[in-house]
Structure formats: C-alpha cells, structure tokens
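Everything below concerns the one structure shown next.
The values are calculated or read from the model by the stated rules, or taken from the named source; none is laboratory data. Remember, predicted model here, so these are calculated numbers, not experimental data. Don't worry about glycine lacking a Cβ; one is built from the backbone with ideal geometry, like all the others, and counts go over all protein chains shown.
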Amino acid sequence: MIKILITGGAGFIPSSLAGGLIASSNYYVVAVDNFITGNSSNLPRAENFKFIKCDVNNYEDIAPVMMHYGFDYVFHYAALVGVKRTLDNPLLVLRDIDGFKNIFGLAKNTDVKRVFFSSSSEVYGEPVELPQNEITTPLNSRLPYAVVKNVGESYCRSFYQEFNLNYTIFRFFNTYGPKQSKDFVMSKFIALAKANNDITIYGDGSQTRTFCFIEDNIEATINSLEKELFVNEVINVGSDEILSIRELAEKIVTKLNSKSKIINLPPLAEGDMTRRMPDISNMRKLLGKDLVTIDRGIEILLSSESNNQNRNQ
C-alpha cells in the first residue's frame, strides 16, 4: 500500500484530494492540520485514512509523524490562505517557511519519492502577459503570501539539486466546489445570493479571473502522481475560461433568481490583481479531456448544496 501525507488536510482542496485518493485501496492517506483555517467537517472517513492534529510549522509536531509512517509521497498543501487574512497577518504567513524547512528536511531523510507543493497564481503578481505561462511569465508579486509561496518553490528546486528529492509544483488558480469556505469569492457570492443579500465587489468589478472546478483540480493532481507526469516541473492548475468579478456575480444572481443587488466598494489598496488567466496547456495534458465549464460547475455546486440541505432536514 502506498503511504501518502497531505498537510493542511482539513482544507478545501487538500481534503478533496484525500477523498479522491482513498477511493483507491492502493493508498493509505494520513492528513495533518492545525485547524487555523481548516475544518474538521471536511475530513473524509475511511479505513485507509487517518487524521492527526498537527502543526507542520512545529518540528516537534510533524517529525514523529513523518518518521513513524515513512511516507512514499507528500502533498504539502498547508498554508495560511485568504487574501484578507494573509494581508492582515503577514508575520503569520512567514511562519509557513518553517513548514518548508521541516517538510523538505524530513522528506529527504525519510526517503520520500516526491513532494507535491501547492503554490499559487499569486506568485505572478500583476501580469505582464496573458496567458500566464509557468516558464516565460515573470514572477513579480511582493505580497508576503506570494513571496512565501515563491520561497516554497525554491525549496523544491534546491532539495532536488542538493539531494535529488523529486518535486512537482502546482500553481493553483481560483478553485471552487463543495466544502469551500464562505470567505472565498465563489462560495461567498452564492451564499449572499441565496439569502437575497447585497453582493459587494471591490472597485468596478472589472477584475478578470478564471475558476477551476475542484474535480478537474483533483483529477489533474492525481494523474501527475499516478502517471509520473511533470516530475521536477511547474504546472498551472486552473481554467482558461475568463470572466470579470462583476460577470460572476451577475451569473450567480441569475442562476439563483436572486434579488441581490451588486454593490461597489472602494478598490483594495493591494492584493486584488486586475487580470489573471493561466496557460493551461500542461494541465490539459494531465486531464486528457475538456475542463468543466463555469456554468456547469456552478450548477453542480448548487445541486450539491441543495442535496446536502435536503439530507439535513
């Protein structure tokens, strides 16, 4: 049985990854999380899954776990996330660098075959070109969250160069789906529209984004593992279907037949990039199929939420 560690395992994407992996009896998955942003309700339940409350930024916490299990692969997804949260807590963001030191050092010493690192579209900063390519597009963000993610990428490359520890870097662009917390744009807009409350957007809402449905994210990452693709490379994980924040709000209001009004707030001083769209040529190679469209993804999400509400009644 292949043993896998997922850090930040109670988060939206990591817990979804755990669920995708444990569907196969070939994997035994251990997830760790300190619950700063994760939620215990996200955790799957299965005989081949175990959760351990643990802070990867604390060596005394994570070292016994990694040395006991001797993992084959590590998905290092633990991070302080959320634009406002990371802007408000820059020193807390910097603590994630301790996690890099711990995870990569322990992975090297426990014969981990490959570390999968969750980087972010934020490393690109304000884009100088679209689409944003993994190799040719400059990384020009100075925000603490993006700088720390870039440091994590450097750990991947440095440990490969020094110790031949293989890696794959996933630069995640906006991913949405069931279990996402309500402080992210897609889930926030849906919750407000369902309640017929005003939807607030920063500036005029002309900022453009792409949104990747969680199933595409998980399938791409698992394919990278199982097919040994893009070893020691960087992959954009996202969608190339672009729309503005205002268009997203309008789309959700229409789909829910909501009475919500869209209200403009002053633009954020920093952290709200005007444009973002990845080059997903490599992701398409990982998937080997068309991505879920934004319309279809929202429909699946709304249906999932409706089914959950019916089960809880």
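Sub-7 Å Cβ pairs linking a first residue in region 192-203 that is farther than 13 Å from ILE245 by Cβ to a second residue that is at pLDDT 95 or above and of a type in the set (Lys, Arg), at least 6 apart or interchain, are ASN196/LYS259; ASP198/LYS261, ordered by first then second residue.
Looking only at region 135-174, how many residues end up being acidic (Asp, Glu) and touching a Leu at 6+ places or on another chain (Cβ under 9 Å)?
To start, the set of residues in region 135-174 that are acidic (Asp, Glu) comprises 153, 162.
Checking the rest, the ones that are also touching a Leu at 6+ places or on another chain (Cβ under 9 Å) come to 153.
Residues flagged as acidic (Asp, Glu) and touching a Leu at 6+ places or on another chain (Cβ under 9 Å) within region 135-174 amount to 1.
When each of ILE218, ILE245, ILE199, ILE262 is tested for being within 22 Å of the chain's Cα centre (by Cα) and outside the structural domain of LYS84 (by TED's automatic domain parsing), the lone residue that passes is ILE245.
Going by what's in this entry, would ILE62 be described as within 20 Å of TYR176 (Cα to Cα), crowded, with 18+ Cβ neighbours inside 10 Å and either over 22 Å from the mean Cα position of the chain (by Cα) or in the same structural domain as LEU80 (by TED's automatic domain parsing) (or both)? Spell out the reasoning first.
Numbers: within 20 Å of TYR176 (Cα to Cα): no; crowded, with 18+ Cβ neighbours inside 10 Å: yes; either over 22 Å from the mean Cα position of the chain (by Cα) or in the same structural domain as LEU80 (by TED's automatic domain parsing) (or both): yes.
It is false that ILE62 is within 20 Å of TYR176 (Cα to Cα), crowded, with 18+ Cβ neighbours inside 10 Å and either over 22 Å from the mean Cα position of the chain (by Cα) or in the same structural domain as LEU80 (by TED's automatic domain parsing) (or both).
Restricting to region 264-299, name every residue that is among the aliphatic types (A, V, I, L, M) and either part of a helix (DSSP H, G or I) or over 14 Å from THR210 (Cα atoms) (or both). Matches in region 264-299: LEU265, LEU268, ALA269, MET283, LEU286, LEU287, ILE294, ILE298.
Does at least one position in region 7-22 carry a residue that is farther than 20 Å from PHE172 by Cβ and at pLDDT 95 or above? Spell out how you get there, then give the answer.
Let us first name the residues in region 7-22 that are farther than 20 Å from PHE172 by Cβ, namely 22.
Now restrict to residues that are at pLDDT 95 or above: 22.
There is at least one residue in region 7-22 that is farther than 20 Å from PHE172 by Cβ and at pLDDT 95 or above.
Annotation note: Cβ proximity below 8 Å between a residue of region 25-37 that is surrounded by fewer than 17 Cβ atoms within 10 Å (Cβ to Cβ) and a residue that is outside any loop (DSSP other than H, G, I, E, B) (sequence gap 6+ or interchain) occurs for ASN26/ILE2; PHE35/LYS53. Checked against (1) closer than 17 Å to GLU247 by Cα; (2) among the hydroxyl-bearing types (Ser, Thr, Tyr); (3) free of Cβ contacts under 8 Å to residues at least 24 places away in the same chain, THR136 meets all criteria but (1). Counting only residues that are of a type in the set (Gly, Ala, Ser) and in contact with a Leu (Cβ under 8 Å, 6 or more places away or on another chain), region 188-220 holds 3 of them.
Just to verify a result, which residue in region 143-177, among those that are of a type in the set (A, V, I, L, M, F, W, C) and in contact with a Cys (Cβ under 9 Å, 6 or more places away or on another chain), is farthest from PRO127 (Cα to Cα)? Full working, then the answer.
So the first thing to find is which residues in region 143-177 are of a type in the set (A, V, I, L, M, F, W, C), and the list is 143, 146-148, 151, 156, 159, 163, 165, 169-170, 172-173.
Pick out the ones that are also in contact with a Cys (Cβ under 9 Å, 6 or more places away or on another chain) and you get 165, 169, 172-173.
Values: LEU165: 31, ILE169: 19, PHE172: 15, PHE173: 13 Å.
My answer is LEU165.
Total residues in region 237-260 satisfying the condition of being without any contact (Cβ under 8 Å) to a residue 40 or more places away in the chain and not in a helix (DSSP H, G or I): the figure is 3. Within region 195-236, being aliphatic (A, V, I, L, M) and assigned to a loop (DSSP other than H, G, I, E, B) holds for ALA195, LEU229, VAL231.
Within region 147-185, the residues that satisfy the criterion of being surrounded by 22 or more Cβ atoms within 10 Å (Cβ to Cβ), assigned to a helix (DSSP H, G or I) and of a type in the set (A, V, I, L, M, F, W, C) are VAL148, CYS156.
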